[in-house]
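Trainee: Dropping the structure in here first, questions after.
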Amino acid sequence: MAIRKITEYPEKVLGEVGQPVTEFDQDLADLCADMFETMYNADGVGLAAPQIGLNLRLFVMDCEGVKLIAANPEIISTEGEQSSQEGCLSVGKVPAVVVRPMKATLKAQDENGKWFEREAEGYAARAFLHETDHCNGKLFIDHLPKLRRDMIIKRFKKEKNWK
Ligand SMILES: [Zn+2]
């Protein structure tokens, strides 16, 4: 296992729609192990493949008891609404309030290629939505009004000592 370098905004791969996962082999299992290790090392609750520079529809998460590997994820239903703080390892964990559905049902393939469906609510539902967005080239800040979005990016760049 190895800790991978986390890709940060505005690297191009974060804005690209991921390629489907087609091989469910040892390489994929090894990749997922690296992703978990990278996520735990960064104190994250979810990590998607584009966040380690790979253009792939794949994420791992461990959030409020929901620990899973999701290849080719899709959100098949949502319900209700929640408004709370969200952050992203690729945007320096700068937090912003994002409105999301309260419940979400994820459909994805596990590391063996077997399809499953899993429902979650609250923070775990938020992770389903956030990580699935990554696989579609979308960041949480893309859900914000432009002014809010610009503020988050500005703060992130400042924290990174950019100009
Ligand atoms: Zn993220």
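Condition check ((1) surrounded by 21 or more Cβ atoms within 10 Å (Cβ to Cβ); (2) within 22 Å of HIS143 (Cβ to Cβ); (3) touching a residue at least 12 places away in the same chain (Cβ under 8 Å); (4) out of contact with any Leu (no Cβ under 8 Å at 6 or more places or on another chain)) across all residues:
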| site | (1), (2), (3), (4) |
| --- | --- |
| GLN26 | no, no, no, yes |
| ASN41 | no, no, yes, yes |
| GLN51 | yes, yes, yes, no |
| LYS67 | no, no, no, yes |
| GLY80 | no, yes, yes, yes |
| SER84 | no, yes, yes, yes |
| GLY87 | no, yes, yes, yes |
| PRO95 | no, yes, no, yes |
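Trainee: From the list ARG148, ARG126, pick out the single residue that is farther than 25 Å from ALA33 by Cβ and either within 16 Å of the ligand (Cβ to nearest atom) or surrounded by fewer than 16 Cβ atoms within 10 Å (Cβ to Cβ) (or both).
Mentor: From the options ARG148, ARG126, the qualifying one is ARG148.
Trainee: Answer yes or no as to whether ARG57 is buried (at least 20 other Cβ atoms within 10 Å of the Cβ) and either over 13 Å from the mean Cα position of the chain (by Cα) or free of Cβ contacts under 8 Å to residues at least 12 places away in the same chain (or both).
Mentor: Against the criterion (buried (at least 20 other Cβ atoms within 10 Å of the Cβ) and either over 13 Å from the mean Cα position of the chain (by Cα) or free of Cβ contacts under 8 Å to residues at least 12 places away in the same chain (or both)), ARG57 does not qualify.
Trainee: Got a sec? Which strands (runs of 3 or more DSSP E) wholly within region 64-124 have at least 1 residues that are among the acidic types (Asp, Glu) and closer than 21 Å to GLY18 by Cα?
Mentor: 66-79, 115-121
Trainee: Looking at region 97-115, which of its residues are touching a residue at least 60 places away in the same chain (Cβ under 8 Å) and surrounded by 15 or more Cβ atoms within 10 Å (Cβ to Cβ)?
Mentor: GLN109, GLU111
Values in this text are rule-based calculations from the coordinates and carry no lab data. Small disclaimer: the values here were computed from a predicted structure and weren't measured. Reconstructed Cβ throughout: ideal geometry from the backbone, glycine too, with neighbour counts over all protein chains shown.
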